[in-house]
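Trainee: Just passing along the structure, written as structure tokens.
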Ligand SMILES: [Zn+2]
């Protein structure tokens, strides 16, 4: 086994990378090594143990693949709260609102869509927040967080060094 388990800053597994990739991240100062294999890697200048588990030192932002624009992700960005009255609701009870109404040229984009409860959505109707006398809790923006990824691994192929970290996910397949 020459793969390395990559954890985010919060010690949650996010993906499996090659040990070469792990070494690159290590030399760039982006990760710390939590577990090592017995095998060593030799280069002209150093000998290091092959990393088994590494942890990102900073919160990872994924810039190349933007967060998918979807109803559920809008609710997640807004912490499942109506952005007008602040009420926290279940997904089934939430709606989304065009801040600048579509009838007034408002677009369906991250920056113009907010989570709203049914009463606030009805009250605001086809008006801007100013016209309706309603204030937004926060200015809507494109989120930069990484959605939770699910690791699918076969338990048989998981090295012992990973066990302690995978225990927490509860996402392992058969
Ligand atoms: Zn509301």
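Trainee: State all residues of the range 35-69 that are surrounded by 11 or more Cβ atoms within 10 Å (Cβ to Cβ), at pLDDT 80 or above and farther than 16 Å from residue 6 by Cβ; if no residue qualifies, say none.
Mentor: Across the range 35-69, the qualifying residues are 39, 40, 41, 48, 49, 69.
Trainee: For the subset of the range 129-147 comprising residues that are part of a helix (DSSP H, G or I) and within 16 Å of the ligand (Cβ to nearest atom), which member is farthest from residue 75 (Cα to Cα)?
Mentor: Going through the qualifying residues, I end up with 132.
Trainee: Something else now. Among (1) in a strand (DSSP E or B); (2) exposed (fewer than 13 other Cβ atoms within 10 Å of the Cβ); (3) within 16 Å of the ligand (Cβ to nearest atom), which single condition is residue 96 missing?
Mentor: (2)
Trainee: Does residue 82 count as within 15 Å of the ligand (Cβ to nearest atom) and touching a strand residue (DSSP E or B) at 6+ places or on another chain (Cβ under 6 Å)?
Mentor: It is true that residue 82 is within 15 Å of the ligand (Cβ to nearest atom) and touching a strand residue (DSSP E or B) at 6+ places or on another chain (Cβ under 6 Å).
Trainee: Right, something else. Go through the range 102-128 and give me each residue that's surrounded by 15 or more Cβ atoms within 10 Å (Cβ to Cβ), within 13 Å of the ligand (Cβ to nearest atom) and without any contact (Cβ under 8 Å) to a residue 40 or more places away in the chain.
Mentor: The answer is 116, 117, 120, 121, 123.
The values are calculated or read from the model by the stated rules, or taken from the named source; none is laboratory data. Keep in mind it's a predicted model, so treat the numbers as computed, not measured. Here Cβ is always computed from backbone atoms with ideal geometry, including for glycine, and neighbour counts include all displayed protein chains.
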